[in-house]
Amino acid sequence: MPLPESVAAVDLGSHSFHLLVARPSAGELIVLDRLREQVQLAAGLNRAKRLNRDAQQIALACLRRFGQRLQHMPHEVVRAVGTNTLRTAKNARDFLKEAEEALGHPIETISGREEARLIYLGVAHSLANPASRRLVLDIGGGSTEVIIGEGFEPRQMESLYLGCVTVSRKYFEDGVITQEAWRRAELAALQEFAPLQRKFRRLGWDQAVGASGTVRSVGTVALEEGWTQNGITLKSLKRLRDAILQSGHVDKLRLAGLSPDRRPVFPGGAVLLHAAFEALGIESMQPADGALREGLLYDLLGRIETEDVRSRSVAALADRFHADRKQVRRVKDAAGRCLRQVAEAWHLTSDTAVRMLGWAAQLHEIGLDIAHQQYHKHGEYIVASSDLFGFTLQEQQVLATLVRAHRRKLPADLIRQLPPQWVRPTERLAVLLRLAVILNRSRSPNPLPDLAIEAEKRTLRVKFADHWLDQHPLTRTDLEQEREWLAAADYSLEFS
């Protein structure tokens with residue numbers, strides 16, 4: 001795919017929604033447009049972990065405005081992702097249907113560690129001296145990401161389930177700020193940071209930087225109040241804490257450089273930042289311009305230019321669980337041959353469909369590293385439970401389902417639980433993967449015969465060379481069994 005004229009990222013954060021549109025140029029991004037709206041999606045989560053309707057309506061109205069800016073851009077050059085609140089909300093799937101309609105583009109949810117990876121990528125591209133080792137801290141509305149990396153590669157990543165919105169709501173209810181509430185909030189934050197202390201301090205870093213609104217707001221306040229001359233220090237954070245406590249209420253916060261829309265969540269963010277400094281031994285921190293949305297765009301450009309981190313993640317997982325490389329190559333090649341013949345008829349022409357089938361072929365046998373019995377189920381669990389960088393949660397669910405579906409009963413119930421746009425493609429990709437596995441059951445190095453494959457709706461027809469099936473009775477038997485498996489899922493397999 002040629003480099004597009006412009007690319008866009010939408011970050012559905014727990015506090016704010018962001019839209020970034022940029023033009024790629026010589027490996028860099030030239031910003032064309034930025035939009036930010038304070039949505040406070042996390043504030044709409046009730047005790048049952050469901051988004052209330054008022055919060056949804058505010059979010060949808062924002063996405064309609066973003067959608068107008070993006071309406072002329074193809075899906076391939078737009079990435080929209082949800083973070084902690086949409087990972088947490090039990091009714092996120094229903095909300096996302098409406099959200100995608102409002103935005104006019106697909107929206108996917110990413111894991112906390114994938115969010116951390118993308119944040120680091122965005123920050124690293126915004127800083128000079130990319131070769132140095134740095135600590136990156138991002139305090140979002142619903143989660144906090146902590147990363148150590150070198151150059152553009154993260155080395156250690158963690159995502160904590162505390163953010164400026166969640167802490168402010170829990171400990172500074174109705175905006176009231178007391179010393180006791182601050183103490184309880186800081187203790188909770190320190191408990192979250194405690195498991196990170198040893199490994200992060202052992203790795204060390206040359207520079208500490210912070211991303212997103214909380215760090216930038218604290219940095220601006222510290223500078224304009226005259227508490228620091230260069231970045232954020234522990235001393236400036238202690239003066240900030242005293243000033244916040246003295247105010248007694250978020251409505252009375254009168255700090256130089258603090259915007260009114262940041263006040264309601266500022267105490268929670270300040271607590272988390274102060275706890276991070278104490279727990280990790282940070283001496284000073286510089287706010288960075290890059291964040292999740294910039295990381296999304298650089299990751300998107302990598303995919304367009306075939307430097308897809310997802311392929312590296314799959315290869316690493318296959319190696320970790322000792323997948324037979326020769327068999328992987330045979331199954332992957334056979335699946336690709338089958339796909340090319342039916343792609344138009346089965347609407348599987350997208351790059352994503354092609355790659356998903358190839359990745360599933362690479363991973364379909366990894367469950368053998370646990371046990372042969374029900375190894376397809378072991379493989380599904382491994383894929384679903386691993387950190388697969390570059391994948392959204394939905395993509396990882398699809399990949400795990402394909403690994404599960406490559407043999408035995410086609411898991412129709414499991415497939416129906418996928419995002420609606422993935423249900424039919426996953427069924428069809430699974431049928432092709434199953435055929436490729438059957439054709440390579442003997443693990444023979446000899447090339448497969450020429451196949452003529454036709455597809456229509458829920459029917460697949462396979463024609464072999466004359467007498468080939470007579471010479472390969474095991475394959476014939478396997479195809480007869482496969483015909484029964486697929487018939488139970490309302491698919492018809494015909495072969496001759």
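The values are calculated or read from the model by the stated rules, or taken from the named source; none is laboratory data. In this text the structure is predicted, and so the values were computed from the model without any measurement. Neighbour counts run over all protein chains shown; Cβ positions are idealised from the backbone, glycine included. Please note that ligands, DNA and RNA were not included when accessible areas were found on the heavy atoms of the full protein model with its side chains. Shrake-Rupley method; radii C 1.70, N 1.55, O 1.52, S 1.80 Å.
Below, the figures for the structure above:
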read-out: Separation of the ASN52 and LEU127 label points, Cα + 7 Å toward Cβ, nm; value: 4.0 nm
read-out: Cα Rg, Dmax, the chain, angstrom units; value: 25.5, 88
read-out: Carbon/sulfur fraction of accessible area - the chain, other protein chains in place, 1.4 Å, %; value: 47 percent
read-out: Over the range 1-128: Rg over Rh, Cα atoms, Kirkwood Rh; value: 0.98
read-out: Hull-based mean projected area of the range 203-252, where the convex hull spans the alpha carbons, in square nanometres; value: 4.5 nm²
read-out: Residues GLU180 and ASP387, FRET efficiency given R0 of 41 Å [Cβ-Cβ distance, rounded to 0.05]; value: 0.60
read-out: Simple Cβ-charge dipole of the chain, Lys/Arg +1 and Asp/Glu -1, about Cα centre, in debye nearest 20; value: 860 debye
read-out: For the range 159-219 versus the range 259-276, the gap between their alpha-carbon centres in whole angstrom; value: 9 Å
read-out: Per-q log10 I(q)/I(0), the range 227-279, q = 0.15, 0.16, 0.18, 0.30 Å⁻¹ (Debye; single scatterer per alpha-carbon; no solvent); value: -0.40, -0.46, -0.58, -1.35
read-out: Label point at GLN286 placed 7 Å out along Cα→Cβ; residues across the range 123-143 whose backbone nitrogen lies under 16 Å; value: 123-137
read-out: For the range 117-227, diffusion coefficient by Stokes-Einstein and Kirkwood Rh (Cα), 4 °C, 1.567 mPa s, µm²/s; value: 85 µm²/s
read-out: Note, ³J(HN,Hα) from phi for the range 18-35, Karplus 6.51, -1.76, 1.60, rounded to Hz, x at Gly and Pro; value: 10, 10, 10, 10, 9, 10, x, 7, 6, x, 10, 10, 9, 5, 9, 7, 9, 9
read-out: Distant-in-sequence amide H partners of ASN91 (H built 1.01 Å from N, under 5 Å); value: LEU51
read-out: Computed accessible area, TRP485, all protein chains, 1.4 angstrom probe, square angstrom; value: 80 Å²
read-out: In degrees, nearest ten, helix 266-280 long axis to first principal axis of the chain (Cα); value: 80 degrees
read-out: Amide proton proximity set for ARG408, modelled H, under 5 Å, gap of 5+; value: none
read-out: All-pairs Cα distance distribution in the range 87-171, expressed in whole percent, bin size 10 Å; value: 17, 36, 32, 15, 1
read-out: ³J(HN,Hα) computed for each position of the range 38-50 - Karplus, 6.51 cos²θ - 1.76 cosθ + 1.60, integer Hz, glycine/proline x; value: 7, 10, 6, 4, 4, 5, x, 7, 8, 5, 8, 6, 10
read-out: Charge sum, other residues only, whose C-beta stays under 12 Å from ILE107's C-beta, Lys/Arg counted +1 and Asp/Glu -1; value: -2
read-out: Cβ-defined net charge surrounding HIS376, 11 Å radius [Lys, Arg +1; Asp, Glu -1]; value: +4
read-out: Accessible area (Å², 1.4 Å probe, nearest 10) - PHE321; value: 40 Å²
read-out: Convex hull volume of the range 120-167 per residue (C-alpha atoms, cubic angstrom); value: 59 Å³
read-out: Accessible area in square angstrom per residue, the chain, 1.4 angstrom probe; value: 45 Å²
read-out: Helix axis angle, 179-203 relative to the chain longest principal axis, alpha carbon, degrees; value: 50 degrees
read-out: Degrees, to the nearest 10: 325-342 long Cα axis against longest axis of the chain; value: 80 degrees
read-out: With all protein chains modelled, accessible area of ILE58 [1.4 Å, Å²]; value: 90 Å²
read-out: Proximal charge balance of ARG117 [Cβ under 12 Å; K/R count +1, D/E count -1]; value: -4
read-out: ³J(HN,Hα) computed for each position of the range 214-221 - Karplus, 6.51 cos²θ - 1.76 cosθ + 1.60, integer Hz, glycine/proline x; value: 4, 5, 5, 5, 4, x, 5, 4
read-out: Percent RCO, i.e. relative contact order, over the chain, from Cα pairs under 8 Å lying at least 6 residues apart; value: 12 percent
read-out: Linear extension gain, ALA316 paired with SER6, 0.36 nm per residue minus alpha-carbon span; value: 108.4 nm
read-out: Geometric extent, Cα atoms of the range 358-482 - Rg, Dmax (angstrom); value: 15.5, 46
